[in-house]
Amino acid sequence: MTERVLDPATCFVVQATDRTEMFTKVYQQLFEQGLVANGFLEEVIQREEDYPTGLDSRNLGAGLPNLAFSHTEGCFVKKQRIVPIRLLEPIVFKSMVNPEQELPVGFCFMLLDQKADGQAELLAKTMTFLSQADPADLRQIFAQTDPASLYSALREAGF
């Protein structure tokens with residue numbers, strides 16, 4: 001991954017009770033940094049309802065949190081980023097495989113891209129990293145409790 005896509009200013013550790021609260025907290029920072037446009041928050045919330053992004057992490061290794069890969073249309077994004085979000089308490093997301101299933105998610109990768117197909121490319125890069133990473137490295141990443149350490153752990157693991 002390049003520095004441009006993963007940036008220490010867009011790594012987050014969030015305490016939230018639900019998706020809307022998490023999205024709101026992250027959106028405020030992304031908007032202030034000029035990375036997303038007005039309307040992004042409403043769109044990412046709605047898209048998550050319409051097209052769930054939760055994913056069971058059992059196949060990545062034991063003891064890992066479930067993941068989510070939130071994103072929205074490129075017209076609401078100003079700069080490309082992969083935004084790692086460590087959730088201090090799990091938040092319920094619906095499964096992308098079975099939208100009827102609810103998953104407690106502990107870590108979210110928000111995918112920002114202006115191009116129409118850009119999220120698919122960022123998702124592929126993220127999934128490749130996750131599938132090739134050592135489970136011990138993933139446990140280390142997902143255990144971080146501050147943004148700087150989260151960024152460092154991701155970089156040290158090769159993201």
Kirkwood hydrodynamic radius of segment 56-95, Cα pairs, Å: 12.6
Mean shadow area of the chain, taken as a quarter of the surface of its Cα convex hull (nm²): 8.1
For the chain, share of DSSP beta bridges that run antiparallel, in % to the nearest 5: 60
Accessible surface of T17 - all protein chains present, 1.4 Å probe, nearest 10 Å²: 120
Radius 11 Å from Cβ of K94, net charge of other residues (Lys, Arg +1; Asp, Glu -1): -4
Two-site label geometry, A143 and Q101: point separation in nm, points 7 Å out along Cα→Cβ: 2.7
The chain, dipole about Cα centre (Lys/Arg Cβ +1, Asp/Glu Cβ -1), debye to the nearest 20: 360
Per-residue [θ]222 nm for the chain (sum of -39500 (n - 2.57) over DSSP H runs n ≥ 4, rounded to 500): -11000 deg cm²/dmol
Mean Cα-pair separation over length for the chain, i.e. relative contact order, pairs under 8 Å, 6 or more apart, %: 27
Highest to lowest packing among 98-110, 39-51, scored as the average C-beta count within 10 Å: 98-110, 39-51
Derived scalar couplings ³J(HN,Hα) [segment 72-78; Karplus, 6.51 cos²θ - 1.76 cosθ + 1.60; whole Hz; x for Gly, Pro]: 8, 4, x, 5, 9, 10, 9
Carbon plus sulfur fraction of accessible area for the chain, probe 1.4 Å, in percent: 49
Förster radius 22 Å - calculated FRET efficiency between E21 and A116, Cβ distance, rounded to 0.05: 0.15
Cβ-placed point charges (K, R +1; D, E -1), dipole of segment 68-136 about Cα centre in debye, nearest 20: 320
Surface accessible to a 1.4 Å probe, per residue, for the residues of segment 26-159, Å²: 48
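The values are calculated or read from the model by the stated rules, or taken from the named source; none is laboratory data. Owing to the predicted nature of the structure, the values given are computational and were not obtained by experimental measurement. Cβ sites come from the backbone with ideal geometry, for glycine too, and all protein chains shown count toward neighbours. Note: accessible area is taken over every heavy atom of the protein model, side chains too, but ligands, DNA and RNA are not part of it. Shrake-Rupley method; radii C 1.70, N 1.55, O 1.52, S 1.80 Å.
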